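Read the structure below first, then the notes.
Just so it is clear, none of the values below were taken in a lab; they were calculated from the coordinates. Here the structure is a predicted model, which means the values were calculated and not measured. Virtual Cβ from ideal backbone geometry, glycine too; neighbours counted across all protein chains shown.
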Amino acid sequence: MKKLGLAVCGSFCTFDELLPQVRRLAADFEITPILSQAAYETDTRFGLAAAFVKELRTICGREPICTVEEAEALGPRTPVDILAVAPCTGNTLAKLAAGIADGPVTFACKAHLRNARPVVVAVSTNDGLAAAAENIGALMNRKHYYFVPFGQDDPAAKPMSLKADLTLLGDTVAAALAGRQLQPVLLR
């Protein structure tokens, strides 16, 4: 069974959409959850952090990686075949584009990329067509990065917001493992 690292950032509004996809992926992958500090400990109007972590733990059958020290092992000692950052916030996009590895998610990506393995990015940011646009472009232009197809999630109320179609996460992971970008990457 292939190994998938699932790095979750704090786009809390997408967590309910993410969990069914994780259940589907668990049929084909041994999943190691990796949580940003925000995803691990922030209670929001979308739910309690402890409940989300418990559900991920149940689906994946293992404790999440929540520290830089734990994430570092993903490169040399306990590599995964593919790493998916889902959801990937604008903050994390900026850090990945700048090469900053200061938390569990960004450090997991750094450790994983040193093995020249694929990273799947599921964008979820309110400034995707503003400040985060250049970071999306930078990552799209780099080797080993693949994007879950995305589009504007609410053009009238949030004209700059972009969100990946998480129902395509599994297909994107499969395509990335084959070295190709799932198309079309831009959705209407």
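Some notes on this structure:
- Hydrodynamic radius by Kirkwood, which averages 1/r over all alpha carbon pairs of the range 87-188, in angstrom: 13.6
- ³J(HN,Hα), Karplus 6.51/-1.76/1.60, whole Hz, each residue of the range 105-111, x for Gly, Pro: 5, 5, 6, 4, 4, 4, 4
- Charge tally in the Cβ shell below 15 Å around residue 72, where Lys, Arg are +1 and Asp, Glu are -1, residue 72 excluded: 0
- Computed lengthening from residue 129 to residue 154, 0.36 nm per intervening residue step minus Cα-Cα distance: 7.8 nm
- Coordinate range along principal axes, alpha carbons of the range 2-177, Å, largest first: 44, 35, 29
- Under 5 Å, built H, 5+ apart or other chain: amide partners of residue 2: 30
- Considering only Cα atoms, the convex hull volume of the range 9-69 works out to 74 Å³ per residue.
- Contact order normalised by residue count of the chain, Cα under 8 Å, 6+ apart, percent: 21
- Taking Cα centre as origin and charging only the Cβ of basic (Lys, Arg, +1) and acidic (Asp, Glu, -1) residues, the dipole magnitude of the chain rounds to 500 debye.
- Secondary structure note: in the range 1-123, about 5% of the DSSP beta bridges are antiparallel.
- Trypsin sites (Lys or Arg not before Pro) within the range 47-131: DSSP coil, no more than 13 neighbouring Cβ in 10 Å: 62, 77, 114
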